[in-house]
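Heads up: the structure comes next, in structure tokens.
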Amino acid sequence: MTSHTLNELIAEGVRGRYILVRSDLNVPLDGSTVTDDGRIKASLPVIEKLSDAGARVLVTAHLGRPKGTPEAKYSLKPAVARLAELAPFKVQLADDTVGGSAKELAGSLDDGDVLVLENVRFDARETSKDDAERGAFADELVALTGDNGAYVDDAFGAVHRKHASVYDVATKLPSYQGDLVHTEVEVLRKLTTDTQRPYVVVLGGSKVSDKLAVIDNLLGKADTILVGGGMLFTFLAAVGHKVAGSLLEADQIPVVQDYLKRASDAGTAFVIPTDVVVASRFAADAEHEVVAADAIEDSSFGASGIGLDIGPVSAAAFAEQIKAAKTVFWNGPMGVFEFEAFSGGTRAIAQALTETPAFTVVGGGDSAAAVRTLGFEDSQFGHISTGGGASLEYLEGKDLPGLSVLDR
Ligand code: ADP
Ligand code: MG
């Protein structure tokens with residue numbers, strides 16, 4: 001599996017050529033204000049490299065989930081305004097994606113100029129299941145690049161999607177991995193092949209059903225899987241404990257029991273918390289207490305108590321495992337970290353990741369948000385993945401259309 005890189009494209013020469021770049025500009029907005037410009041900042045280096053080398057850069061990106069037709073609230077306008085503030089090059093936004101405005105502005109670009117095309121998901125063909133429809137849209141994107149164009153995929157968060165701007169354009173133009181995609185793939189490869197041991201995986205988050213496929217693929221690969229978050233209650237139920245009003249996916253209990261059974265043969269140990277923080281209700285100011293994980297219904301809140309975090313004993317035990325590891329992958333907060341009272345477990349894990357000599361990777365949108373909200377710096381971790389869904393699907397062992405299409 002090898003793909004050509006952006007540096008190879010630059011070395012081939014891009015001056016005067018139209019280079020189509022798929023970026024991830026899917027930023028959170030409050031009205032027309034970008035509330036977190038992380039993805040814009042992360043996308044800037046590749047666009048800048050191409051601009052510096054004299055390319056005429058055409059950027060495609062999506063924002064939110066419009067229904068295949070233009071909607072003002074999903075316009076890339078705020079994202080592009082922020083990009084223009086950060087950029088040392090000229091940036092414009094077309095009023096449409098492949099229409100009159102895109103064609104006219106593309107035609108008037110000078111070397112080094114950047115034109116962002118409006119939200120690719122304003123065209124229903126972008127996400128169509130019909131190969132011919134997506135192909136036709138891709139043809140229109142490719143046509144904007146003239147007869148000497150190339151394609152760079154820098155949107156790691158979208159590589160698991162078989163969409164026109166991710167997959168089909170790469171079948172029609174010479175294609176290259178952008179630096180963001182390249183880095184992500186290098187990191188994820190370290191988590192799947194020749195992984196440095198002990199390899200500890202920390203899984204949390206809300207739903208166990210979201211993480212089952214990745215657990216399945218990690219059995220036999222990870223030495224230890226530490227279980228926290230909402231999913232821990234399905235694990236507790238699977239070993240016969242009552243979980244009161246905690247998040248429980250009863251239909252997944254047999255699946256979890258099967259994993260627990262297969263784990264020891266596969267050489268993977270699950271570590272399930274021995275204590276949990278139970279609250280009277282789901283609220284920031286709820287009354288709460290620490291109880292043993294096998295006695296959740298014995299808390300003062302009885303059968304209505306809900307587990308909202310792992311307990312301090314478990315957090316310390318998890319931290320010890322992390323500090324003794326050589327490789328750590330973390331996906332999913334340990335508790336409802338959005339409420340200060342239930343952020344202790346997540347904070348302890350984040351802290352341990354900053355203290356271990358291991359190579360550490362944080363995956364998942366909420367996990368990345370958690371480490372930042374809790375006051376940690378990105379630089380304290382080996383790698384913070386930009387694509388939650390895409391990185392999980394990679395670790396599930398799935399084929400990612402946007403990556404395999406770049407292979408040759
Ligand atoms: P990521 O985006 O990192 O993959 P998820 O989307 O799977 O993570 O889950 C994140 C959410 O899980 C957070 O909003 C957090 O509040 C929630 N969560 C964690 N622990 C619990 C719990 N015990 N009960 C309910 N929700 C929880
Ligand atoms: Mg999430």
Once the piece of chain linking Glu355 and Arg65 is laid out straight, how much longer is it, given 0.36 nm per residue of separation minus the C-alpha distance between them? 100.6 nm
Check which residues have an amide H placed less than 5 Å from Ile384's amide H, if you skip close sequence neighbours. Val362
Extension gain, Ala284 back to Arg189 (0.36 nm per residue minus Cα-Cα distance, nm): 30.3 nm
Sorted by average packing, counted as other Cβ atoms within 10 angstrom per residue and highest first, what order do 164-176, 19-31 take? 164-176, 19-31
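Going through the stretch 27-103, which trypsin sites (Lys or Arg not before Pro) have at most 11 other Cβ atoms within 10 Å and a DSSP loop state? Please report the intermediate quantities before stating the final value.
Numbers: sites: Arg39, Lys41, Lys49, Arg56, Lys67, Lys73, Arg82, Lys90, Lys103; in loops: Lys67, Lys90.
For trypsin sites (Lys or Arg not before Pro) across the stretch 27-103 that sit outside H, G, I, E and B with at most 11 neighbouring Cβ atoms in 10 Å, the list reads Lys67.
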How much accessible surface does Asp265 have with a 1.4 Å probe, in Å² rounded to 10? 140
The stretch 228-324: chymotrypsin sites (Phe, Trp or Tyr not before Pro) in DSSP coil with no more than 15 other Cβ atoms inside 10 Å: Phe282
From the Cα gyration tensor of the stretch 198-352, with a ≥ b ≥ c the square roots of its eigenvalues, which class applies: rounded if a/c is under 1.5, or else prolate if a/b is larger than b/c, or else oblate? oblate
Share of accessible surface on carbon and sulfur in the stretch 282-401, whole %, 1.4 Å probe and ligands ignored, is 50
Separation of the Asp407 and Ala81 label points, Cα + 7 Å toward Cβ, nm: 4.3
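Which links in Lys73/Lys103; Lys129/Lys398; Lys323/Lys398; Lys129/Lys172; Lys211/Lys398; Lys41/Lys73 stretch past 25 Å when you go from one Cα to the other?
Values: Lys73/Lys103 23 Å; Lys129/Lys398 18 Å; Lys323/Lys398 30 Å; Lys129/Lys172 18 Å; Lys211/Lys398 13 Å; Lys41/Lys73 22 Å.
Pairs exceeding the cut-off: Lys323/Lys398.
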Under-5 Å amide H pairs with Val271, H placed in peptide plane, nonlocal only: Ile225, Leu226, Val227
Can you give the % of DSSP beta bridges in the stretch 249-408 that are antiparallel, to the nearest 5? 55
Scalar couplings 3J(HN,Hα) for the stretch 166-174 by Karplus 6.51 cos²θ - 1.76 cosθ + 1.60 (θ = phi - 60°), nearest whole Hz, x for Gly and Pro, are 9, 9, 5, 4, 6, 7, 10, 10, x
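What does the accessible area per residue of the chain come to in Å², with a 1.4 Å probe and no ligands, DNA or RNA counted?
40
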For Phe359, net neighbour charge (Lys/Arg +1, Asp/Glu -1) across residues whose Cβ lies under 13 Å away: +2
Residue by residue through the stretch 283-298, which ³J(HN,Hα) values in whole Hz follow from phi under the Karplus form 6.51 cos²θ - 1.76 cosθ + 1.60 (θ = phi - 60°), with glycine and proline marked x? 7, 4, 9, 5, 5, 8, 8, 8, 10, 5, 5, 9, 9, 4, 6, 8
Spacing of the two label points (7 Å from each Cα toward its C-beta) at Lys129 and Ala143, in nm: 2.8
If all Cα-Cα distances of the chain are sorted into 20 Å bins from 0 onward, what percent lands in each bin, rounded to whole numbers? 26, 49, 23, 1
Simple spin-label estimate for Ala266 and Glu340 in nanometres, 7 Å along Cα-Cβ: 4.0
In the chain, what percentage of the DSSP-assigned beta bridges are antiparallel, given to the nearest 5? 25
Considering only protein heavy atoms and a 1.4 Å probe, what is the carbon-and-sulfur percentage of the accessible area of the stretch 88-150? 45
Can you tell me the order of 385-392, 136-143, 123-130 when each peptide is scored by its average per-residue count of other Cβ atoms within 10 angstrom, highest first? 385-392, 136-143, 123-130
Which of the GluC sites (Glu not before Pro) found in the stretch 201-294 are loop residues per DSSP with 15 or fewer other Cβ atoms within 10 Å of their Cβ? Glu287
The stretch 327-336 - phi-based ³J(HN,Hα) in whole Hz, Karplus 6.51/-1.76/1.60, Gly and Pro as x: 9, 10, 10, 10, 9, x, x, 6, x, 7
Long-range tail of P(r) for the stretch 92-231 (Cα pairs > 25 Å, %): 46
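Compute the length gained on full extension between Ala292 and Asp36: take 0.36 nm times their separation in residues and subtract their Cα-Cα distance, giving the result in nm to one decimal.
Numbers: separation 256, 0.36 × 256 = 92.16 nm, distance 3.84 nm.
Result for the pair: 88.3 nm of gain on full extension.
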Put Arg65, Arg281 in order of accessible area, largest first, probe 1.4 Å, and you get Arg65, Arg281
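The values are calculated or read from the model by the stated rules, or taken from the named source; none is laboratory data. From a predicted model like this one, the values you see are computed outputs, not experimental measurements. Note that we place each Cβ from the backbone using ideal geometry, even for glycine, and neighbour counts take in every protein chain shown. Just so you know, the surface numbers come from the protein's heavy atoms only, side chains and all, with ligands and any DNA or RNA stripped out. Shrake-Rupley method; radii C 1.70, N 1.55, O 1.52, S 1.80 Å.
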